[in-house]
Amino acid sequence: GAGVSQSPSNKVTEKGKDVELRCDPISGHTALYWYRQSLGQGLEFLIYFQGNSAPDKSGLPSDRFSAERTGGSVSTLTIQRTQQEDSAVYLCASSSGPDYNEQYFGPGTRLTVT
Amino acid sequence: SQELEQSPQSLIVQEGKNLTINCTSSKTLYGLYWYKQKYGEGLIFLMMLQKGGEEKSHEKITAKLDEKKQQSSLHITASQPSHAGIYLCGAEPTDSWGKLQFGAGTQVVVTP
């Protein structure tokens with residue numbers, strides 16, 4: 001596709017359940033980012049993948065959060081044992097590389113934990 | 001970690017009037033990015049600034065980065081209803097290359 005796609009667009013889950021959020025970056029983009037946008041918190045960096053390098057996980061809020069990027073393309077953000085404070089819009093972005101960091105964002109996944 | 005302050009928090013402007021949004025970093029930046037977001041949608045890239053003193057324009061939107069690379073402004077000339085939304089500045093500090101830290105955003109409302 002032409003842009004970054006994310007699925008699902010909306011996810012409602014019960015507290016304590018695990019969820020997986022998917023991001024399909026722009027073809028050829030080597031860098032992929034996950035952000036979280038919650039009410040009153042603004043846009044918060046979570047994790048960054050660049051090529052085959054070890055990901056920068058410095059923004060992950062707890063060990064319940066993890067992310068993978070398979071084959072240098074699609075990424076999955078997994079949240080285990082979801083809590084109500086995990087409710088937010090999760091945004092994925094990709095860019096062509098660290099030397100040109102114009103990030104293109106997907107439409108986001110709105111996660112609601114009940 | 002860096003502090004990134006964006007002002008004002010919200011702005012109501014009459015159609016046809018100009019507006020300016022500011023973004024200030026506590027650290028020298030490698031890059032400064034401006035995005036626009038409409039409610040319930042992802043972020044739309046507007047402009048990227050990397051050089052001190054740089055200025056870029058696209059249609060009626062102009063963004064500037066100061067010589068010290070710590071402060072940026074986004075100026076919209078003759079605002080239109082299509083300019084309504086949330087404007088976010090994203091900063092790439094020189095010591096944290098690659099990931100963006102965002103300001104809190106400025107909500108712009110354009111009235112008839």
Exercise. Filtering the range A:28-44 down to residues that are among the hydrophobic types (A, V, I, L, M, F, W, C) and within 16 Å of residue A:104 (Cβ to Cβ), which residue is nearest to the chain's Cα centre (by Cα)?
Worked result: A:34
Problem set entry | Qualifying residues in the range B:12-29 (those that are surrounded by fewer than 17 Cβ atoms within 10 Å (Cβ to Cβ) and among the hydroxyl-bearing types (Ser, Thr, Tyr)) - the one nearest to the chain's Cα centre (by Cα) | B:20
Seminar exercise, completed: So the strands (runs of 3 or more DSSP E) completely within the range B:24-112 holding 1 or more residues that are within 14 Å of chain A (Cβ to nearest Cβ) and either farther than 25 Å from residue A:33 by Cα or out of contact with any helix residue (DSSP H, G or I) (no Cβ under 7 Å at 6 or more places or on another chain) (or both) are B:29-37, B:43-49, B:55-58, B:61-65, B:85-93, B:106-111
Exercise. Quick check: anything in the range A:75-92 out of contact with any His (no Cβ under 8 Å at 6 or more places or on another chain) and closer than 17 Å to residue B:92 by Cβ?
Worked result: yes
Exercise. Which of the residues spanning the range A:31-49 are at pLDDT below 90 and more than 10 Å from chain B (Cβ to nearest Cβ)?
Worked result: A:38, A:39
Exercise. Just one of A:73, A:87 is touching a residue at least 40 places away in the same chain (Cβ under 8 Å), away from every other protein chain (no Cβ under 14 Å), out of contact with any Leu (no Cβ under 8 Å at 6 or more places or on another chain) and surrounded by 14 or more Cβ atoms within 10 Å (Cβ to Cβ); which is it?
Worked result: A:73
Exercise. In the range A:35-48, is there at least one residue being in contact with a Ser or Thr (Cβ under 7 Å, 6 or more places away or on another chain) and surrounded by 20 or more Cβ atoms within 10 Å (Cβ to Cβ)?
Worked result: no
Problem set entry | Residue list for the range A:1-55, restricted to those being assigned to a loop (DSSP other than H, G, I, E, B) and in contact with a Gly (Cβ under 9 Å, 6 or more places away or on another chain) | A:3, A:4, A:9, A:25, A:26, A:27, A:29, A:30, A:51, A:52
For this session: Return yes or no: is residue A:112 within 14 Å of another protein chain (Cβ to nearest Cβ), at pLDDT 95 or above and surrounded by fewer than 15 Cβ atoms within 10 Å (Cβ to Cβ)?
Result: yes
For this session: Please work out which one of (1) at pLDDT 90 or above; (2) more than 14 Å from chain B (Cβ to nearest Cβ) is the condition residue A:52 fails and give its number.
Result: (1)
Exercise. Any idea which of (1) surrounded by 17 or more Cβ atoms within 10 Å (Cβ to Cβ); (2) farther than 19 Å from residue B:67 by Cβ; (3) of a type in the set (Val, Ile, Thr) is the one residue B:44 doesn't satisfy?
Worked result: (1)
Problem set entry | Complete set of residues in the range B:58-106 that are at positive phi and touching a Phe, Trp or Tyr at 6+ places or on another chain (Cβ under 9 Å) | B:69, B:85, B:98, B:105
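Results for (1) hydroxyl-bearing (Ser, Thr, Tyr); (2) farther than 18 Å from residue A:102 by Cβ; (3) at pLDDT 95 or above, shown as yes or no for each residue.
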site: B:3; (1), (2), (3): no, yes, no
site: B:17; (1), (2), (3): no, yes, yes
site: B:23; (1), (2), (3): no, no, yes
site: B:38; (1), (2), (3): no, yes, no
site: B:91; (1), (2), (3): no, no, no
site: B:94; (1), (2), (3): yes, no, no
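For (1) within 14 Å of chain B (Cβ to nearest Cβ); (2) in contact (Cβ under 8 Å) with a residue 24 or more places away in the chain; (3) in a helix (DSSP H, G or I), each residue gets a yes or a no:
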residue: A:78; (1), (2), (3): no, yes, no
residue: A:82; (1), (2), (3): no, yes, no
residue: A:93; (1), (2), (3): yes, yes, no
residue: A:102; (1), (2), (3): yes, no, no
residue: A:107; (1), (2), (3): yes, yes, no
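The values are calculated or read from the model by the stated rules, or taken from the named source; none is laboratory data. Values in this document were obtained by computation on a predicted structure and should not be read as measured data. Counting neighbours? That spans all protein chains shown, and the Cβs are built from the backbone with ideal geometry, glycine included.
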